[in-house]
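The values are calculated or read from the model by the stated rules, or taken from the named source; none is laboratory data. Since this is a predicted model, take the numbers as computed values, not measurements. As a convention, Cβ positions derive from the backbone with ideal geometry for all residues, glycine included, and neighbour counts pool all protein chains shown. Ligands, DNA and RNA are stripped out before the accessible areas are found, and what is left, the full protein with its side chains, is counted by its heavy atoms. Shrake-Rupley method; radii C 1.70, N 1.55, O 1.52, S 1.80 Å.
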Amino acid sequence: MDETRALVVGAGMAGMSCALRLQEAGVDYRIVSDTFGGRVDYSPDEKVNFGAYFVMANYANATKILRRETWINPFACCFHQDDGAAYPTISGHTLKRGGRFAQFGALMVRFMRHNGNYKRNCERIPQREAMALDPYIARLFRQPASEWVREHRLDSVAADYVSKFTYACTGVSLERLTALDALTVCQGLLLPIHRFSFDEPAMTRRLGPHLIRDRVDSLRTVDGRHVATCASGAELAADLIVLATPAVETQRLLELPAIRDTCELYVFHVKATLKPAFAAHAMNLFPFASPVVLTALQDDGSFLVYTREPDADLGQVCESWELIGSKAWRNAMYVTGSAYLEQQYGPTLYTAGDHNGLGLEPAAISGIYAANQVIRAAGRLPSPVAPRERDLAHA
Ligand SMILES: Cc1cc2nc3c(=O)[nH]c(=O)nc-3n(C[C@H](O)[C@H](O)[C@H](O)COP(=O)(O)OP(=O)(O)OC[C@H]3O[C@@H](n4cnc5c(N)ncnc54)[C@H](O)[C@@H]3O)c2cc1C
């Protein structure tokens, strides 16, 4: 059995952030995962992201792992209506709604101030406590985005722009999205956003022998230690454990009750000729009535087409197309409901991930928070017995 002080399960943004922090602090750890990157699914050959697509300017932690690439020009986007009408980001249509946009901008500035403090707090205290410190954020966590829109009389701005941007990012309507997730995503309407690349070989080298490619099938405790049984049959024992697995998997491993509902997204990478209505725009964003969610032009002239149904007809947006690659995300993001996932279960088991807060940056922060707890707990535990001493003691 492989023994370690701390075991991180899952090498997505949360797990990698956690592992790097443990490494910095000199904690003896392993990170075990069946995929590397998780919902960061960058193809170095095609230079496209099949999972998370962009990082925002305020992603200070996620960009320690991801590298910013092409700027996504908001003025090259086109917002399409149910009735076939369409308008670019800045148009007569936008200007007519100037007052409401100014109000939305002011509300976003207020949100970003609260959210900045909230994120900083989340590095050192549980999200639950950070929300208790800021009832404004706690309320957004529980409130459906559609209700927030009505409360602020932003229906016209929401119908034309906000709902399409949040739909493009999540594949769900404002009714299914919480206000916290919607506003988190909408920061991308105000802040610079960039596509990114993920250098998997470089990260593999950084994690070195700590990284184990395997899948944890089950967990048990033996004499107060956590023992993970992997798909390969290997067993890993640790004093402290961080489950940086997607919440559906954390729920399975810990037999937890309700978690938030997920959305589905399907990503198609195509060489295509878009229909004339869409061809002039680097990004086309659609209303919820459309199963196609988004088209996004890539640097080499190919497109990513996102849909919310696996068999959506790409003929809706493409005149002709050739499929280069695709990816199905049945549990893409946790966006519906307000079930909260604790970040600690018992004195030595922690969770991390994007369950209570959507996106790469909240996931990274949750991983750093878990690592900080592990570092503190490791300091309180008796020093591990060196293998040689232990063998002699048993002799
Ligand atoms: C299509 C799509 C587009 C998105 N776009 C954006 C975007 O533009 N910007 C943004 O900020 N966010 C975006 N997101 C959300 C973002 O990707 C996630 O919030 C974030 O990546 C979650 O990271 P995580 O570490 O919590 O989980 P994950 O990335 O899912 O990582 C979990 C890890 O655990 C591993 N694992 C699971 N089960 C086990 C097991 N039993 N044993 C061992 N390992 C296991 C997995 O293989 C994976 O490596 C997008 C998501 C999707 C799907």
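Figures for the structure shown
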| item | result |
| --- | --- |
| Share of pairwise Cα separations in the stretch 278-388, more than 25 Å, in percent | 50 percent |
| Mean-position separation - Cα centroids, the stretch 225-273 and the stretch 101-153, in angstrom | 27 Å |
| Charge sum, other residues only, whose C-beta stays under 12 Å from residue 70's C-beta, Lys/Arg counted +1 and Asp/Glu -1 | +1 |
| Percent carbon-and-sulfur accessible area, the chain, ignoring ligands, DNA and RNA, probe 1.4 Å | 53 percent |
| GNM top mover of 119, 96, 327 - the chain, alpha-carbon springs below 10 Å | 96 |
| Charge dipole (the chain, unit charges on Cβ, about Cα centre) - positive-most of 253, 161, 273 | 161 |
| Calculated FRET value between residue 190 and residue 380, using beta carbons and R₀ = 35 Å, to 0.05 | 0.25 |
| Coil-residue trypsin sites (Lys or Arg not before Pro) of the stretch 209-243, DSSP, other Cβ within 10 Å capped at 13 | none |
| Of the DSSP H helices in the chain, those whose Cα atoms cover at least 15 Å axially and whose Kyte score averages 1.0 or more | 179-190 |
| Separation in nanometres of the label points that stand 7 Å from Cα toward Cβ, at residue 344 and residue 102 | 4.8 nm |
| Cα Rg over Rh - the stretch 1-71, Kirkwood | 1.03 |
| Cα radius of gyration and Dmax for the chain (Å) | 22.2, 84 |
| Under DSSP loop assignment and at most 13 Cβ neighbours within 10 Å, longest GluC sites (Glu not before Pro)-free interval of the chain | 1-174 |
| Accessible heavy-atom area order of 93, 269, highest first, probe of 1.4 Å | 93, 269 |
| Isotropic mean projected area of the C-alpha convex hull, the stretch 111-175 (nm²) | 4.8 nm² |
| Neighbourhood charge, 15 Å Cβ-Cβ cut-off, centred on residue 325 and excluding it, Lys, Arg +1 and Asp, Glu -1 | -2 |
| Antiparallel DSSP beta bridges within the stretch 1-156, percent to nearest 5 | 50 percent |
| Computed helical MRE - 222 nm, the chain, DSSP H runs ≥ 4 contributing -39500 (n - 2.57), nearest 500 | -10000 deg cm²/dmol |
| Max mean-square fluctuation residue, GNM over the chain, Cα-Cα springs under 10 Å, options 341, 95, 314 | 95 |
| When each of 275/327; 271/327; 47/164; 47/119; 96/164 is checked by Cα-Cα distance, pairs over 21 Å | 275/327; 47/164; 47/119 |
| Surface accessible to a 1.4 Å probe, residue 365 within the full protein complex, Å² | 10 Å² |
| Neighbourhood net charge (10 Å Cβ-Cβ; Lys/Arg +1, Asp/Glu -1) for residue 360 | -1 |
| Cα-centred dipole magnitude for the stretch 222-286, charges only on beta-carbon of K, R (+1) and D, E (-1), debye, nearest 20 | 520 debye |
| Cα-projected label distance for residue 199 with residue 47, points at 7 Å along beta-carbon direction, nm | 1.6 nm |
| Where Rh is the Kirkwood radius over Cα pairs, Rg/Rh for the stretch 58-148 | 1.06 |
| Long-range amide H partners of residue 211 with built H, under 5 Å | 31 |
| Share antiparallel - DSSP beta bridges, the chain, percent rounded to 5 | 70 percent |
| Residue 300-residue 142 pseudo-label distance in nm [points 7 Å out on the Cα-to-Cβ vector] | 5.0 nm |
| Förster-model FRET efficiency, 30 Å R0, residue 319 and residue 71, C-beta, rounded to 0.05 | 0.60 |
| Of 229, 307, 221, the one that fluctuates the most in a GNM where the chain has Cα springs shorter than 10 Å | 221 |
